[in-house]
Amino acid sequence: MRRFNFRLERILSYRRSLAARERVRFATKVMALVQAENRASELRGIRNATFIARLRTLEHGTKALEILNLHEHLLRIGDAIDVADKEIVKAKDNVEKARGELVERMRDEKVIEMLKARRWKTWLRDYY
């Protein structure tokens, strides 16, 4: 009995390993995006809390120095939010690039798997 031998099996296993690596890279990029979004959300929460604190200090007639400190804190938080938004855009671009690479690797793997399936069917037809 003749045994089925797919000569491109090593290439297929190599392509599978490349696809697995791309999945890990993609997951890493997605995680970086989630962390950047969480950081921006956290900063927005801090900004809102600081804004509310500044409004409360205005109601209670506190010192001008405290109001100035809160105002400067709001400005710094605003700058940090701008930086976080830029990081989000950068992370989204990285995710899209990683997604493209992953799709390409998976497509390469699928092509060889389809070739293997066709050769298997041909081998079976010839065998029987």
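The values are calculated or read from the model by the stated rules, or taken from the named source; none is laboratory data. From a predicted model like this one, the values you see are computed outputs, not experimental measurements. Heads up, the Cβs are rebuilt from the backbone with ideal geometry, glycines too, and the neighbour counts pull from every protein chain shown. The area values use the complete protein model at the heavy-atom level, side chains included, leaving out ligands, DNA and RNA. Shrake-Rupley method; radii C 1.70, N 1.55, O 1.52, S 1.80 Å.
Just the protein heavy atoms count here, and of the accessible area of the stretch 29-102 at 1.4 Å, carbon and sulfur take up 57 percent. Axis angle, to the nearest 10 degrees, between helix 64-127 and the longest C-alpha principal axis of the chain: 10 degrees. Enumerate the lysines that Lys90 could reach by cross-link, defined here as Cα to Cα under 27 Å, with residues fewer than 8 away along the same chain left out. Here the lysines satisfying the reach criterion relative to Lys90 are Lys29. Surface exposure of the stretch 62-128, expressed per residue as accessible area with a 1.4 Å probe, stands at 76 Å².
Excluding Phe4 itself, what net charge comes from residues whose Cβ is under 10 Å from its Cβ, given Lys and Arg +1 and Asp and Glu -1?
+4
Residues considered: Asn38, Asn69, Asn94. Largest GNM mean-square fluctuation over the chain, using C-alpha springs under 10 Å, is found at Asn69. Computed per residue of the chain from DSSP H runs no shorter than four, each worth -39500 (n - 2.57), the mean residue ellipticity at 222 nm is -34000 deg cm²/dmol.
Tell me the label only: which of (i) 18; (ii) 54; (iii) 50 is percent of Cα pairs over 27 Å apart as calculated from this structure? It is the value labelled (ii). The angle separating the long axis of helix 9-60 from the principal Cα axis of greatest extent in the chain is about 10 degrees. For the chain, modelled as a GNM whose springs connect Cα atoms under 10 angstrom apart, the maximal fluctuation among Val111, Val24, Val89 occurs at Val111.
Remark: the Val34-Glu59 segment gains 5.2 nm on full extension, using 0.36 nm per residue and subtracting the alpha carbon distance. Considering only Leu102, Leu58, Leu33, the Gaussian network model of the chain with Cα springs below 10 Å gives its largest mean-square fluctuation to Leu58.
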